[in-house]
Amino acid sequence: MTAAPDQARAVRDEDAFDIARVDAFLRQHIGGLEGTPTVKQFPGGASNLTYLLHYANRDLVLRRPPRGAKAKSAHDMMRESRVMGALKASYPYVPAILARCDDAQVIGQDFYVMERLSGTILRRDLPAELGLDRDGVRRLCVAFIDRLIELHQVDATQGELRELGKGEGYIARQIAGWRERWRQAATDGSDPCDDVMAWLDANQPARDNASCVIHNDFRFDNVVLATDNPLDIIGVLDWELATVGDPLMDLGSSLAYWVQADDDPVFQSFRRQPTHEAGMLTRREVVAYYGERTGMDISHWAFYEIFGLFRLMVIIQQIYRRYALGQTTNPQFAGFGDAAKYMGMRCRRLMASKG
(Lines give C-alpha, C1' and ligand atoms only; values in the text may rest on other atoms or scores of the structure.)
Protein backbone atom coordinates (compact mmCIF):
# COMPACT_ATOMS: atom_id res chain seq x y z
CA MET A 1 0.00 0.00 0.00
CA THR A 2 2.08 2.89 -1.27
CA ALA A 3 1.19 6.18 -2.93
CA ALA A 4 3.09 9.03 -4.49
CA PRO A 5 3.79 12.00 -2.20
CA ASP A 6 1.57 15.06 -2.53
CA GLN A 7 2.46 16.68 -5.86
CA ALA A 8 3.29 20.37 -6.15
CA ARG A 9 2.50 22.20 -9.39
CA ALA A 10 3.64 25.25 -11.31
CA VAL A 11 3.22 28.48 -9.34
CA ARG A 12 0.13 30.51 -10.27
CA ASP A 13 1.16 33.88 -11.70
CA GLU A 14 -0.69 35.83 -9.02
CA ASP A 15 1.04 33.82 -6.28
CA ALA A 16 4.63 34.18 -7.53
CA PHE A 17 7.40 35.78 -5.44
CA ASP A 18 11.07 36.73 -5.83
CA ILE A 19 12.87 33.41 -5.57
CA ALA A 20 16.35 34.96 -5.49
CA ARG A 21 15.49 37.12 -2.47
CA VAL A 22 14.09 34.15 -0.59
CA ASP A 23 17.14 32.06 -1.44
CA ALA A 24 19.49 34.76 -0.15
CA PHE A 25 17.51 35.03 3.09
CA LEU A 26 17.43 31.27 3.66
CA ARG A 27 21.17 30.87 3.17
CA GLN A 28 21.65 33.22 6.13
CA HIS A 29 19.51 31.01 8.37
CA ILE A 30 19.81 27.42 7.10
CA GLY A 31 23.21 25.89 6.59
CA GLY A 32 24.28 23.57 3.80
CA LEU A 33 21.79 24.51 1.08
CA GLU A 34 23.13 23.47 -2.32
CA GLY A 35 22.25 24.69 -5.80
CA THR A 36 19.65 27.13 -7.07
CA PRO A 37 16.17 26.37 -5.78
CA THR A 38 13.18 25.67 -7.99
CA VAL A 39 9.75 26.59 -6.67
CA LYS A 40 6.39 24.87 -7.10
CA GLN A 41 3.05 25.42 -5.42
CA PHE A 42 0.96 22.88 -3.55
CA PRO A 43 -2.71 22.61 -4.57
CA GLY A 44 -5.39 24.09 -2.38
CA GLY A 45 -4.34 27.27 -0.66
CA ALA A 46 -7.69 29.06 -0.42
CA SER A 47 -6.32 30.89 2.61
CA ASN A 48 -2.55 30.85 3.09
CA LEU A 49 -0.29 29.66 0.27
CA THR A 50 2.19 26.79 0.46
CA TYR A 51 5.21 26.19 -1.78
CA LEU A 52 7.84 23.51 -2.31
CA LEU A 53 11.41 24.83 -2.48
CA HIS A 54 13.61 22.19 -4.09
CA TYR A 55 17.35 22.49 -3.52
CA ALA A 56 19.88 20.02 -4.85
CA ASN A 57 20.24 18.39 -1.44
CA ARG A 58 16.92 18.96 0.35
CA ASP A 59 13.31 20.07 0.04
CA LEU A 60 11.78 22.85 2.12
CA VAL A 61 8.24 24.19 2.43
CA LEU A 62 7.41 27.91 2.51
CA ARG A 63 4.15 29.35 3.88
CA ARG A 64 2.93 32.90 3.21
CA PRO A 65 -0.41 34.76 3.12
CA PRO A 66 -2.30 35.61 -0.07
CA ARG A 67 -2.22 39.07 -1.51
CA GLY A 68 -5.21 41.34 -0.98
CA ALA A 69 -7.50 42.21 1.89
CA LYS A 70 -7.25 40.06 4.99
CA ALA A 71 -9.40 39.70 8.07
CA LYS A 72 -7.94 41.18 11.22
CA SER A 73 -5.49 38.77 12.89
CA ALA A 74 -5.78 36.24 10.04
CA HIS A 75 -2.80 35.02 7.98
CA ASP A 76 -0.33 35.78 10.80
CA MET A 77 2.74 33.83 9.75
CA MET A 78 4.82 34.75 12.76
CA ARG A 79 2.12 33.59 15.16
CA GLU A 80 1.55 30.35 13.25
CA SER A 81 5.22 29.48 13.29
CA ARG A 82 5.53 30.30 17.01
CA VAL A 83 2.58 28.05 17.82
CA MET A 84 4.17 25.23 15.83
CA GLY A 85 7.49 25.71 17.59
CA ALA A 86 5.84 25.68 21.02
CA LEU A 87 3.78 22.58 20.23
CA LYS A 88 6.43 20.45 18.54
CA ALA A 89 7.83 18.85 21.70
CA SER A 90 4.41 17.67 22.90
CA TYR A 91 2.82 16.85 19.55
CA PRO A 92 5.45 15.35 17.26
CA TYR A 93 3.27 15.56 14.15
CA VAL A 94 4.05 19.28 13.81
CA PRO A 95 6.67 20.02 11.09
CA ALA A 96 9.87 21.64 12.39
CA ILE A 97 10.22 25.38 11.77
CA LEU A 98 13.55 26.24 10.09
CA ALA A 99 13.31 29.98 9.43
CA ARG A 100 10.97 32.94 9.94
CA CYS A 101 10.98 36.21 8.01
CA ASP A 102 9.20 39.43 9.00
CA ASP A 103 11.31 41.64 6.70
CA ALA A 104 8.94 43.07 4.08
CA GLN A 105 11.89 43.78 1.77
CA VAL A 106 12.25 40.07 0.99
CA ILE A 107 8.86 39.32 -0.62
CA GLY A 108 6.65 42.06 0.79
CA GLN A 109 5.00 39.77 3.37
CA ASP A 110 5.92 37.71 6.40
CA PHE A 111 6.63 34.04 5.71
CA TYR A 112 8.19 31.02 7.33
CA VAL A 113 9.97 27.91 6.08
CA MET A 114 9.59 24.44 7.58
CA GLU A 115 10.77 20.92 6.97
CA ARG A 116 9.00 18.95 4.28
CA LEU A 117 7.11 15.90 5.44
CA SER A 118 7.10 13.64 2.42
CA GLY A 119 3.90 11.65 2.27
CA THR A 120 0.39 11.46 0.89
CA ILE A 121 -2.13 14.25 1.42
CA LEU A 122 -5.70 13.30 0.60
CA ARG A 123 -7.78 15.58 -1.59
CA ARG A 124 -11.25 14.94 -2.96
CA ASP A 125 -10.95 11.18 -3.53
CA LEU A 126 -8.89 8.32 -2.15
CA PRO A 127 -6.06 7.33 -4.54
CA ALA A 128 -6.68 3.81 -5.79
CA GLU A 129 -3.03 2.96 -5.20
CA LEU A 130 -3.59 3.20 -1.44
CA GLY A 131 -5.39 -0.13 -1.75
CA LEU A 132 -7.77 0.54 1.14
CA ASP A 133 -10.87 -1.62 1.47
CA ARG A 134 -13.86 -0.70 3.65
CA ASP A 135 -12.10 -1.84 6.82
CA GLY A 136 -8.94 0.05 5.88
CA VAL A 137 -10.92 3.24 5.25
CA ARG A 138 -12.57 2.89 8.65
CA ARG A 139 -9.21 2.43 10.38
CA LEU A 140 -7.86 5.51 8.58
CA CYS A 141 -10.91 7.49 9.71
CA VAL A 142 -10.45 6.41 13.33
CA ALA A 143 -6.72 7.24 13.18
CA PHE A 144 -7.63 10.71 11.94
CA ILE A 145 -9.98 11.31 14.89
CA ASP A 146 -7.42 9.88 17.29
CA ARG A 147 -4.85 12.44 16.14
CA LEU A 148 -7.31 15.20 17.03
CA ILE A 149 -7.95 13.63 20.43
CA GLU A 150 -4.18 13.42 21.02
CA LEU A 151 -3.89 17.13 20.30
CA HIS A 152 -6.67 17.92 22.76
CA GLN A 153 -4.77 15.97 25.43
CA VAL A 154 -1.64 18.15 25.17
CA ASP A 155 -0.92 20.13 28.34
CA ALA A 156 -1.92 23.65 27.32
CA THR A 157 -0.38 25.21 30.45
CA GLN A 158 3.21 24.49 29.44
CA GLY A 159 5.67 27.01 28.02
CA GLU A 160 4.48 29.34 25.30
CA LEU A 161 1.24 27.39 24.82
CA ARG A 162 -0.30 28.98 27.92
CA GLU A 163 -0.01 32.38 26.22
CA LEU A 164 -2.47 31.32 23.50
CA GLY A 165 -5.53 31.23 25.73
CA LYS A 166 -7.60 34.13 27.05
CA GLY A 167 -9.47 32.18 29.72
CA GLU A 168 -13.19 31.77 30.18
CA GLY A 169 -15.61 33.16 27.63
CA TYR A 170 -14.04 31.47 24.62
CA ILE A 171 -17.35 30.57 22.98
CA ALA A 172 -18.82 34.06 23.42
CA ARG A 173 -15.66 35.58 21.96
CA GLN A 174 -15.83 33.23 19.00
CA ILE A 175 -19.44 34.08 18.23
CA ALA A 176 -18.71 37.80 18.43
CA GLY A 177 -15.55 37.52 16.36
CA TRP A 178 -17.06 35.45 13.56
CA ARG A 179 -20.16 37.68 13.53
CA GLU A 180 -17.93 40.69 12.91
CA ARG A 181 -15.97 38.86 10.20
CA TRP A 182 -19.24 37.95 8.50
CA ARG A 183 -20.35 41.57 8.39
CA GLN A 184 -17.00 42.72 7.05
CA ALA A 185 -17.08 40.05 4.33
CA ALA A 186 -20.50 41.02 2.98
CA THR A 187 -20.91 41.54 -0.77
CA ASP A 188 -23.88 42.57 -2.91
CA GLY A 189 -26.61 39.97 -2.51
CA SER A 190 -25.02 38.06 0.38
CA ASP A 191 -27.28 36.59 3.06
CA PRO A 192 -27.45 38.77 6.23
CA CYS A 193 -27.88 35.63 8.38
CA ASP A 194 -29.10 37.66 11.37
CA ASP A 195 -31.32 34.76 12.43
CA VAL A 196 -28.41 32.30 12.48
CA MET A 197 -26.28 34.63 14.58
CA ALA A 198 -29.19 35.24 16.97
CA TRP A 199 -29.69 31.47 17.36
CA LEU A 200 -26.03 30.98 18.22
CA ASP A 201 -26.21 33.75 20.82
CA ALA A 202 -29.32 32.24 22.39
CA ASN A 203 -28.11 28.63 22.39
CA GLN A 204 -24.48 28.88 23.41
CA PRO A 205 -23.49 26.68 26.37
CA ALA A 206 -23.58 28.39 29.75
CA ARG A 207 -19.96 27.36 30.32
CA ASP A 208 -17.25 26.45 27.88
CA ASN A 209 -14.21 24.26 28.22
CA ALA A 210 -11.48 26.59 26.98
CA SER A 211 -8.74 24.37 28.30
CA CYS A 212 -6.90 22.61 25.49
CA VAL A 213 -4.93 23.25 22.32
CA ILE A 214 -7.23 23.18 19.31
CA HIS A 215 -6.30 23.16 15.63
CA ASN A 216 -9.42 24.88 14.22
CA ASP A 217 -8.94 23.50 10.69
CA PHE A 218 -8.50 19.76 11.21
CA ARG A 219 -9.26 18.11 7.86
CA PHE A 220 -7.89 15.21 5.84
CA ASP A 221 -6.10 17.59 3.49
CA ASN A 222 -4.20 19.00 6.48
CA VAL A 223 -2.72 15.67 7.54
CA VAL A 224 0.15 13.73 5.96
CA LEU A 225 -0.01 9.95 5.54
CA ALA A 226 3.16 7.88 5.47
CA THR A 227 4.05 6.96 1.89
CA ASP A 228 4.50 3.28 2.76
CA ASN A 229 1.52 3.04 5.17
CA PRO A 230 -1.53 5.23 4.58
CA LEU A 231 -2.94 4.29 7.99
CA ASP A 232 0.00 6.06 9.69
CA ILE A 233 -0.63 9.81 10.01
CA ILE A 234 2.86 11.31 10.31
CA GLY A 235 2.09 15.02 10.16
CA VAL A 236 -0.51 17.70 10.79
CA LEU A 237 -0.31 20.93 8.78
CA ASP A 238 -1.84 24.43 8.67
CA TRP A 239 -1.71 25.77 12.24
CA GLU A 240 -2.83 29.31 11.37
CA LEU A 241 -5.99 29.17 13.51
CA ALA A 242 -4.64 27.09 16.39
CA THR A 243 -5.29 28.39 19.90
CA VAL A 244 -6.35 27.28 23.36
CA GLY A 245 -10.09 26.77 23.31
CA ASP A 246 -13.04 24.42 23.55
CA PRO A 247 -12.36 20.96 22.04
CA LEU A 248 -15.97 20.51 20.89
CA MET A 249 -15.67 23.76 18.93
CA ASP A 250 -12.67 22.18 17.20
CA LEU A 251 -14.61 19.02 16.40
CA GLY A 252 -17.58 21.07 15.13
CA SER A 253 -15.30 23.06 12.82
CA SER A 254 -13.80 19.84 11.48
CA LEU A 255 -17.17 18.21 10.82
CA ALA A 256 -18.45 21.26 8.92
CA TYR A 257 -16.30 19.94 6.05
CA TRP A 258 -17.47 16.34 6.53
CA VAL A 259 -19.61 15.56 3.47
CA GLN A 260 -20.95 12.02 3.84
CA ALA A 261 -22.44 9.64 1.31
CA ASP A 262 -26.09 10.42 2.04
CA ASP A 263 -25.83 14.23 1.91
CA ASP A 264 -27.75 16.23 -0.69
CA PRO A 265 -26.25 16.84 -4.15
CA VAL A 266 -25.38 20.49 -3.42
CA PHE A 267 -23.36 19.61 -0.34
CA GLN A 268 -21.79 16.74 -2.27
CA SER A 269 -20.51 19.26 -4.83
CA PHE A 270 -18.54 21.00 -2.04
CA ARG A 271 -16.69 17.88 -0.99
CA ARG A 272 -12.91 18.31 -0.81
CA GLN A 273 -11.99 15.19 1.17
CA PRO A 274 -12.95 11.51 0.84
CA THR A 275 -15.40 11.43 3.77
CA HIS A 276 -18.06 9.84 1.52
CA GLU A 277 -16.10 6.60 1.07
CA ALA A 278 -17.53 3.28 2.29
CA GLY A 279 -16.02 2.70 5.72
CA MET A 280 -15.88 6.36 6.75
CA LEU A 281 -17.74 7.17 9.94
CA THR A 282 -20.77 9.44 9.58
CA ARG A 283 -20.77 12.78 11.38
CA ARG A 284 -23.00 11.27 14.07
CA GLU A 285 -20.62 8.33 14.50
CA VAL A 286 -17.59 10.64 14.72
CA VAL A 287 -19.22 12.63 17.52
CA ALA A 288 -20.20 9.44 19.37
CA TYR A 289 -16.67 8.03 19.03
CA TYR A 290 -15.12 11.27 20.27
CA GLY A 291 -17.45 11.32 23.28
CA GLU A 292 -16.67 7.70 24.15
CA ARG A 293 -12.90 8.19 23.86
CA THR A 294 -12.75 11.45 25.83
CA GLY A 295 -15.67 11.12 28.22
CA MET A 296 -16.92 14.56 27.21
CA ASP A 297 -20.62 15.46 27.37
CA ILE A 298 -21.92 15.68 23.79
CA SER A 299 -25.60 16.09 24.64
CA HIS A 300 -25.66 19.70 23.39
CA TRP A 301 -23.93 18.90 20.09
CA ALA A 302 -26.38 20.95 17.95
CA PHE A 303 -24.73 24.24 18.96
CA TYR A 304 -21.26 23.05 17.97
CA GLU A 305 -22.50 21.66 14.66
CA ILE A 306 -24.31 24.84 13.66
CA PHE A 307 -21.46 27.07 14.81
CA GLY A 308 -19.03 24.99 12.71
CA LEU A 309 -21.18 25.51 9.61
CA PHE A 310 -21.57 29.24 10.32
CA ARG A 311 -17.83 29.62 10.76
CA LEU A 312 -17.19 27.80 7.47
CA MET A 313 -19.75 30.06 5.79
CA VAL A 314 -17.79 33.09 6.95
CA ILE A 315 -14.50 31.66 5.67
CA ILE A 316 -16.06 30.92 2.27
CA GLN A 317 -17.55 34.43 2.06
CA GLN A 318 -14.23 36.06 3.01
CA ILE A 319 -12.56 34.26 0.12
CA TYR A 320 -15.41 35.19 -2.23
CA ARG A 321 -15.10 38.85 -1.26
CA ARG A 322 -11.45 38.82 -2.35
CA TYR A 323 -12.54 37.31 -5.66
CA ALA A 324 -15.41 39.81 -6.09
CA LEU A 325 -13.01 42.70 -5.46
CA GLY A 326 -10.53 41.36 -8.03
CA GLN A 327 -7.87 40.65 -5.41
CA THR A 328 -7.59 37.08 -6.68
CA THR A 329 -8.45 35.68 -10.11
CA ASN A 330 -8.44 32.02 -9.12
CA PRO A 331 -11.50 30.65 -10.97
CA GLN A 332 -12.25 28.07 -8.25
CA PHE A 333 -13.52 30.95 -6.07
CA ALA A 334 -16.18 32.15 -8.54
CA GLY A 335 -18.92 30.04 -6.97
CA PHE A 336 -18.03 30.73 -3.35
CA GLY A 337 -20.76 33.38 -2.99
CA ASP A 338 -23.45 30.80 -3.71
CA ALA A 339 -21.65 28.29 -1.49
CA ALA A 340 -21.83 30.71 1.44
CA LYS A 341 -25.59 31.15 0.89
CA TYR A 342 -26.04 27.38 0.91
CA MET A 343 -24.21 27.12 4.23
CA GLY A 344 -26.63 29.63 5.69
CA MET A 345 -29.55 27.49 4.52
CA ARG A 346 -27.90 24.39 5.98
CA CYS A 347 -27.62 26.15 9.35
CA ARG A 348 -31.34 26.98 9.22
CA ARG A 349 -32.31 23.39 8.46
CA LEU A 350 -30.47 22.22 11.56
CA MET A 351 -31.91 25.06 13.65
CA ALA A 352 -35.44 24.06 12.59
CA SER A 353 -34.80 20.40 13.38
CA LYS A 354 -33.63 21.24 16.87
CA GLY A 355 -36.64 23.43 17.66
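The values are calculated or read from the model by the stated rules, or taken from the named source; none is laboratory data. Computed from a predicted model, the values in this text were never measured in an experiment. Glycine gets a Cβ as well: all are built from the backbone with ideal geometry, and neighbour counts include every protein chain shown.
Of note:
The rows are residues; the columns are (1) modelled with pLDDT of 85 or more; (2) under 30 Å from PHE336 (Cβ atoms).
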residue	(1), (2)
ARG9	yes, yes
VAL22	yes, yes
LEU26	yes, no
HIS29	yes, no
GLU34	yes, no
VAL39	yes, yes
GLY68	no, yes
ALA71	no, yes
ARG79	yes, yes
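- Those residues of region 222-239 which are outside any strand (DSSP E or B) and either crowded, with 20+ Cβ neighbours inside 10 Å or not assigned by TED's automatic domain parsing to the domain that holds GLY177 (or both), in sequence order: LEU237, ASP238, TRP239
- Pairing each residue of region 238-255 that is within 12 Å of ILE149 (Cα to Cα) with any residue that is among the charged types (D, E, K, R) and in a loop (DSSP other than H, G, I, E, B), provided the two are 6+ apart or on different chains, yields no C-beta distance under 8 Å.
- Residue in region 260-268 that is surrounded by fewer than 20 Cβ atoms within 10 Å (Cβ to Cβ), in contact with a strand residue (DSSP E or B) (Cβ under 9 Å, 6 or more places away or on another chain) and either assigned to a helix (DSSP H, G or I) or hydrophobic (A, V, I, L, M, F, W, C) (or both) present: no
- When MET345 is tested against (1) crowded, with 17+ Cβ neighbours inside 10 Å; (2) within 30 Å of ASP188 (Cβ to Cβ); (3) not acidic (Asp, Glu), only condition (1) is not met.
- Among the residues of region 269-289, the ones that are in a loop (DSSP other than H, G, I, E, B) and surrounded by 14 or more Cβ atoms within 10 Å (Cβ to Cβ) come to 12 in all.
- Pair list, Cβ < 6 Å and 6+ apart or interchain, from region 166-194 residues that are under 13 Å from ILE316 (Cβ atoms) and in a loop (DSSP other than H, G, I, E, B) to residues that are at pLDDT 95 or above and of a type in the set (A, V, I, L, M, F, W, C): none
- So ILE315, is it surrounded by 20 or more Cβ atoms within 10 Å (Cβ to Cβ), among the aliphatic types (A, V, I, L, M) and within 29 Å of ASP208 (Cβ to Cβ): yes
- Scanning region 297-312 for residues that are crowded, with 16+ Cβ neighbours inside 10 Å and assigned to a loop (DSSP other than H, G, I, E, B) yields no hits at all.
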